Amino acid sequence: MKGLPVLSFLLWVCALYFVGIYLFMSGFLLVRLEVNRTSTCGDVLQPGEDPADFCRVPPRFRRVVLLIIDALKIDFARFDPRNTAPKPYENKLPVLEETVSSRPSHSRLYPFRADPPTTTMQRIKGFTTGSLPTFVDVGNNFASSAILEDNLIHQFGQVGKRVVFMGDDTWESLFPKKFHRSLPFPSFNVKDLHTVDNGILQHLYTTMMGDDWDVLVAHFLGVDHCGHRFGPDHPAMADKLTQMDGVIRSVIDRLQNDTLLVVMGDHGMTDTGDHGGESQKETDASLFLYSPSSLFSGPPAQSEPDVVPQTDLVPTLALLLGVPIPYSSVGQVLLPLFPPHGQIEGAVGGLSQLEALWINAKQVNRFLETYSSMAKDIPPESVSKLKDEFSRLSSEYLTSVREGRSPSPELAASVQTYLTSVRDTCRATWAQFNPLKMAAGLAILAFACLICFVLSELSLMLLREDGPRLKAPLVTPLVGGVCVASFQLLTRGYIEVAWCLVVAAFTSELFFLWKAHRSRVSDTAKNGSKAPKCASWLSPRCLLAPPLLVALLRCASLLSDSYVIAEGRVVTFLVFSLALYIPVHLNWDGLLLPPSHDPLKCAGLLPSSALSPSTVRKESSTLLGCLGLLIGSLYLSLSFHGCREEQGSCQPSPFLSPLSRLQDTQLKNLHYILSVVSLGLWTHLLRCCLRHYGNLNSSGGTVFTARWILPLLSVCLGLHWAVSATPEDSFRNLAKVISLAQLALPRAAFCLLGLGLFLIWLDPLTVFLKTRAGPLARGSSLPPPRYRASTSISPQAELHHLIPQIYQRIRHSLDDGELTRGSEVEGRPAVEAYGLGTVYSAPLLLFCGLLGIGLLLLHPEGMALSFLLLLLEMAALLHIHASSTTLSGLHGTFSGGYNVPWTPVVLWSLATTQFFHATGHLPTFPSIQWGAAFVGFPDGHTGTMLPASLVTLNTFAAHILFAVGCPLLLFWPLVCEVRGSRGERAFGEEGEDAVMEMRLRENPNQFTSALLQLSARYLFIHGAQVFASACAAAILRRHLMVWKVFAPKLMFEASGFLVTSVFLLIGVTLVLRVEIALGHWFKRLIPDASR
């Protein structure tokens, strides 16, 4: 078997896809241009007659206390005295409502709206710079880097204000060496509700009473972590909010008259405690403002804003504290905090409303002019319109100032409208695309899909000795890429890697397609007028076959936001429909039922059927039974789906919540029992399958894994679930033991998983030989077989001829033993072999099963039943494919090859997406199950690689299992070949019994070709989905739902393809590893005399 060419082709195709994805993403997900300029107190904003605009009047406040309660959504801050039965998150912050009611001129409570993405790092960036983050910034949430844009922290330090920080250590990475004093605490462990908050409380009040600070920032994390761990509707949330209520009261009591208190949330949270998206529950946080001195001119007026955008806090705090507004801020001042024009005589210091607005408008206009001169992404007509409006407002304002009259109230409203227009324009256009890179990426992806299709249809020709090789398609593009790099270096002085990759990928793709075309033409010429069988693969009849049509229609549907939102249920329907198509198609061709009695066939005038009526009935019953199992699994899997914000009344599955969130003890016990039973069935079914085919008799590493490591891993997982579900306040005497178990059990499971996978890889064979003298050692030899190849045949060819003879010799020994069973001992079989017929599928099946339990460890406990349904669905699909293949041989339609048709491949890929949703995942960022990062690491991580890997494994578990198990589609029809009776013919020659997977070694070229074809077809389906998602994002890049629906879908599809490619290569490599081990095993069985 030619394993290296298969891996080479697959690696090359995957590399082409990766290059296409990288290029498209680099053109589509660009961050906006950052203006690295800084405001100073000496800046003169045009137009104006004052020597300076910033810092020219005494600040209204000398100090500010900024309390950030992470994820303090507005629903947590409101108080309703009529609510007699509040939920755990309701009415727990009465201090806010009490203060606003009793001291209306000193305090206000506003909804505080964040711009998506609603993740902590981006929100800190938003309310310190006043800028709008772009979509791609969400990827930096756990790899925070220093903020380079002008920001409030920098401005405070520039004017000499001492900033003291305590809390979330994200601030340390965003503002390195910017604090007068810093007390950071680790923030990544979402299961830790108290460390950060208690650390702050140890220093907060003593710091406030001291005199070594001007700006005090305290970032509490307990509320956010409680939401992630338990959700908002949990008693732990009530405790956290009550604690924050006490903190706010204590801070208010310690404030001085020259100090402003700002209590705010950086974002909200969903009903499940998550955030990151743009639903109103995620974007609407709370903003509470208070000062012991009069802060507002009176009670709330109708003109006050209903919602305060988060960016508006930046210019407001800057002007209240007498520091310059950060250069890139697009926020507008919160007018109620400034006295009306002409009423500032009694104020200690500060600006009037119109003065603050005017400075704000000039600062925003300066930024707009600078940005539009540096970047061209804002439409010129929009920039021109905004500049004309600002010129008109400037003229009106300056005229009124020169004439000594008060500006009209309409002027203030017009300035506010102008500021809102600038922000809306920036928000609409700050998705800077690079059309050339996007087009290049799409073209490379399209050609990669075409190459996959060519590989799948011409695999046998491409793997021939005289077929097109990869040497030229690899060397030529490498030379082209180096030439482009050299040209760039000579002309520009630097190298842009993206365009080198474009040239290399295009050259490689076109060169290969040209070579493949020439080989196909050469084959046609050699065969004369008879075209090869593959000549019709581009015909409309083949391309529009039902399985390919379903795949193409699904790809086209990715252009619809409604489809993406409802994809989980739609894909379930597609799996059901395509699976139902198989028996319908067989029945249409007359293959589902036994053929009717035909006297011509009995007389020998017509060829008889390949299978007997009893075998046909058995295969049909198996197919229909497995179809019923598949439908049942599909129906039950719908109970595990999550919900998108756009789905309205949808209720997420209760199985998505960890057991620790459930408060009903009886329900918790029921969920735990169901999870443990599902886990036990998973393990039992795997062992039963291996035992049924005789794969648990040898003493190798794979069998050891199945016998011991698999059940031990299941036990560790069950115990881990029990420990994790234990409430913190129970078993206080055993708290240390429970804490140790939470650390040790999952780590022990990880070690067992790694050991099991390593043993399968090291010793994948599950074959056991037994003779009359007892078990044979692995190194011993059998007596010489009756068959001996001619000495003129090479040793490798001799080995291929000997393999079926060895199997037949074992079989004849078994036949002889059955005839004389019960007689003399000498009548027993001379040689017995166990597991030889499933030598390839057994280690692969165990590998998938072991990997599935490891991936289940990273999911909530309730997903155990979903994983069991996944296993049943995989088994049903394999048996449906095997039975349909068997029935297709009824009238001799079986070609003798091992090619896997498109229908099972498309079904397998659709099942991947279906179980992505059935494990509670969605192509949205709030649905990411971040808790997977802390399985086995409850105290958090020091780096980001390990948690990112754990979250990736959790998110794409379905992709991993179906990719690794993809070669089973090739093996399973051969595995199930044994279902025919011993006296009947299977797919071999006349008089030959079913030899199962040993047929593959009889035809190594067809084996290699079929493996490459199956892998290429699977990559084609997933690559086409990535290409369709990229097309949807490119075409609809100005669509209202692009950042909410299409961009996340693209990122999940691209990430899923990367994971699928890697694990498909692992599955194929494992098959090749079995082939190598099997070759060595057979060589040990061949005596020297037979060579």
Next on the checklist: If I ignore ligands, DNA and RNA and count only protein heavy atoms, how much of Glu1002 is accessible to a 1.4 Å probe, in Å² to the nearest 10?
Outcome noted: 60
Checklist entry - Amide H neighbours of Leu260 under 5 Å, counting only residues 5+ apart in sequence or on other chains, H built in-plane at 1.01 Å? => result Arg63, Val64, Val65
Checklist entry - Excluding ligands and nucleic acids, what accessible area in Å² is computed for Ile673 using a 1.4 Å probe, to the nearest 10? => result 100
Item to check | Distance (nanometres) between label positions extended 7 Å along Cα→Cβ at Ala735 and Val307 | outcome: 4.3
Next on the checklist: Report, in listed order, any pair from Lys92/Lys668; Lys73/Lys191; Lys73/Lys362; Lys87/Lys668; Lys177/Lys1044; Lys92/Lys736 with a Cα-Cα distance greater than 24 Å.
Outcome noted: Lys92/Lys668; Lys73/Lys362; Lys177/Lys1044; Lys92/Lys736
Item to check | Simple label model, 7 Å out from Cα along Cβ direction - His1039 to Lys471, nm | outcome: 4.7
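Run through the range 165-223 and list the trypsin sites (Lys or Arg not before Pro) located in a DSSP loop whose Cβ has at most 14 other Cβ atoms within 10 Å.
Of the trypsin sites (Lys or Arg not before Pro), the ones in loops of the range 165-223 whose Cβ has at most 14 other Cβ atoms within 10 Å are Lys177.
Evaluate the charge dipole of the range 322-432 about its Cα centre and quote only its size in Debye, nearest 20, assuming +1 on the Cβ of each Lys and Arg and -1 on the Cβ of each Asp and Glu. Before the final figure, lay out each step's value.
Numbers: 10 positive and 11 negative charges, 41 e Å.
Computed charge dipole of the range 322-432: roughly 200 debye.
Let me know the shape class of the range 322-432, please: from the alpha-carbon gyration tensor, a ≥ b ≥ c as square roots of the eigenvalues, rounded when a/c is under 1.5, otherwise prolate if a/b is greater than b/c, or oblate.
Judged from the Cα gyration tensor, the range 322-432 comes out prolate (a/c at least 1.5, a/b above b/c).
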Checklist entry - By accessible area of protein heavy atoms, probe 1.4 Å, what ranking do His1039, His641, His219 get, highest first? => result His1039, His641, His219
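For the range 322-432, give the percent of accessible area contributed by carbon and sulfur heavy atoms, probe 1.4 Å, rounded to a whole number.
Working: 2380 of 4550 Å².
Looking at the range 322-432 in its full context, I get 52 percent from C and S.
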Checklist entry - Could you give the length gained on full extension between Ser408 and Asn587, defined as 0.36 nm per residue of separation minus the Cα-Cα distance, in nm? => result 56.1 nm
Next on the checklist: For a quick check of understanding: with a 1.4 angstrom probe and all protein chains in place, what accessible area in square angstrom does His879 have, to the nearest ten?
Outcome noted: 50
Item to check | Residues with amide H under 5 Å from that of Ser187, placed H, sequence gap 5 or more | outcome: Asp169
Item to check | Heavy-atom accessible area ranking, 1.4 Å probe, most first, across Ile760, Ile928 | outcome: Ile928, Ile760
Item to check | In sequence order, calculated HN-Hα J values of the range 638-650 (Karplus, 6.51, -1.76, 1.60; Hz; x Gly/Pro) | outcome: 5, 6, 10, 7, x, 10, 8, 5, 6, 8, x, 7, 4
Item to check | Note, ³J(HN,Hα) from phi for the range 210-219, Karplus 6.51, -1.76, 1.60, rounded to Hz, x at Gly and Pro | outcome: x, 10, 10, 8, 10, 10, 10, 10, 10, 10
Item to check | Protein-only accessible surface order, largest first, of Arg569, Arg37, Arg644 at 1.4 Å | outcome: Arg569, Arg37, Arg644
Checklist entry - Quick one: Karplus J couplings for the range 627-635, per residue in order, coefficients 6.51, -1.76, 1.60, θ = phi - 60°, nearest Hz, x for Gly and Pro? => result 5, x, 4, 4, 5, x, 5, 4, 5
Item to check | Amide H partners (placed H, <5 Å) of Arg113, local residues excluded | outcome: Ala285, Val308, Gln310
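For Lys87 and Ser486 in the same chain, what is the full-extension length gain: residue separation times 0.36 nm, less their Cα-Cα distance, in nm?
Between Lys87 and Ser486, full extension yields an extra 137.0 nm.
The values are calculated or read from the model by the stated rules, or taken from the named source; none is laboratory data. Keep in mind it's a predicted model, so treat the numbers as computed, not measured. Cβ atoms come from the backbone with ideal geometry, glycine included; neighbour counts cover every protein chain shown. For accessibility, only protein heavy atoms count, side chains too; no ligands or nucleic acids. Shrake-Rupley method; radii C 1.70, N 1.55, O 1.52, S 1.80 Å.
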